[in-house]
Each structure stands twice: as structure tokens, then as C-alpha cells.
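Novice: Okay, handing you the structure first.
Read-outs: derived from the displayed coordinates by stated rules, not from any lab. Everything numeric here is computed off the predicted structure, so don't read it as measured data.
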Amino acid sequence: MEESVTGHEDIKVLLVDDQPLLRMGFRLILEGEDDLSVVGEASNGIEALSAVESLQPDVVLMDVRMPLMDGIEATGKITASPSDARVIILTTFDLDEYAFAGLQAGASAFLLKDVVPADLVQAVRLVASGDAVVAPRVTQRLLESFVRNRHPAMHPDPLLEELTPRELEVAMHIAQGLSNAEIAHTLFLSEATVKTHVRRILTKLHLRDRVQVVVYAYETGLVTPSNPDY
């Protein structure tokens, strides 16, 4: 991250969308913040991969429907690369199968394209920090919608056996969209202890961040859709 005028490091953002006006709008919003810096733009997935390598952004705002290479393929390539960039998928409606595919490909969150400015700014900051799930209720609703009609894994993933009982408990709370503070309160632990458990869970399950824990939990049947109307 680059240092901002406040002495803190800027969060570097890459905008990827084939609509120049949308990129311009997001740039104006993000560059109005002291701690955010738009370091580049791309109009398709191929350009995005090149930009990630050369500009080393912290967060990529990624459209899904683009020519040459779509945002899902680009997201998968970015998250599989040595880059530390985290991806936020941009979509037009909240129950979009492309958004679900983006989360499966390694995206850290998804946002609606008509997101209000304050929520966009907050989402970029949260994803850059790696400590929070953006719009957990919406993310959970998306996951439940697309997992509901699938058959969960008949047998738990062997990696789950690597988790201690407490880590498994924390993982299930993460999957329910709870923050570290909420998990700490629920389990009568300090927030620092919860953060340690989260780091160990990510390491043992080979996952990048909290959202990937949520996706993993639904895909392996660790948690199942509960409320059909959620």
C-alpha cells in the first residue's frame, strides 16, 4: 500500500469493467477518500490480469460479464496467483449465479452495481482488511439460494479433521456471518483469541479469507440452508 496524506498506507484499487462510465463513477467515489487510491482500470479479464501483476492492487472491483475473458475466469486466475489482491465481484442483482461462481472462484465479496457510495467505500476497506464479510446476510442469502438444491457432501472434507473442536465451532459461526466480536461474545472468548482461531482455520483449510470459509461450509455440508424464506 502507498502512504496517504494522513500518514497511513493507501488501499490500492483496480477497477475492471467494460463500461467506462461505471469505472468513472466508481473512481470519483473512491478517490474522494483519503485512504483509497485507484491505481488503474481494465475493460476485460485479460487486461485485469496484466494490471494486477504490474500495479499490485490490494482490492480489485471485478465485473463478471466482459469480452475476451469474463470476471469469473479472471478472479480464479488472480486468486491462484502469487498476488495478494482481493476481489470484489460486481453484479446487477443479488441472486446472480455469476456472483456465486465468483465467490467459488475465490472472490472475497460481491456488491451490486447500484451500491450507494458509503457502502462501496466500506466494502473496499473491509475486504482490504481481510477481517470481515461484506453484507453477510446478502452473501448468506446468495449461498443458500444456490446450495439449497444441491446435495451436500456425503462425507465431511478430510481437512475438517484437522480442526480442533473449538476451531470447528468458530468456523460454523463464521459461516453464519458473525464477526470476530460477535463470535467472541457468543463463545466467551477474547477477540484476539478468535482472530487466532480464524487464522488457524484459514491455514488448515487452505482458504484465503472469511468469505471462503462461508462458501466452503456450504459446499461441504458443514452448514445447510435453514430458512427457505431467508
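Novice: Check Val60: other-chain or 5+ apart residues with amide H under 5 Å from its amide H, H built from backbone geometry?
Specialist: HN-HN under 5 Å from Val60: Leu14, Arg86, Val87, Ile88.
Novice: Another one. Using θ = phi - 60° and the Karplus form 6.51 cos²θ - 1.76 cosθ + 1.60, what ³J(HN,Hα) does each residue of the range 81-88 get, whole Hz, x for Gly and Pro?
Specialist: The phi angles translate into 8, x, 4, 8, 4, 9, 10, 10 Hz.
Novice: What's the percent breakdown of Cα-Cα distances in the range 1-112 across 5 Å bins, shortest bin first?
Specialist: In whole percents, the pair-distance histogram is 2, 14, 24, 25, 19, 11, 4, 1, 0.
Novice: Right, another one. Full extension from Arg199 to Lys113: what is 0.36 nm times the residue separation minus their Cα-Cα distance, to one decimal in nm?
Specialist: Value of the extension gain: 27.9 nm.
Novice: Output wanted: per-residue J couplings in Hz (rounded whole) for the range 116-127, from phi through Karplus 6.51 cos²θ - 1.76 cosθ + 1.60, θ = phi - 60°, x for Gly and Pro.
Specialist: With the stated coefficients, the range 116-127 comes to 6, x, 4, 6, 4, 4, 4, 4, 4, 5, 5, 5 Hz.
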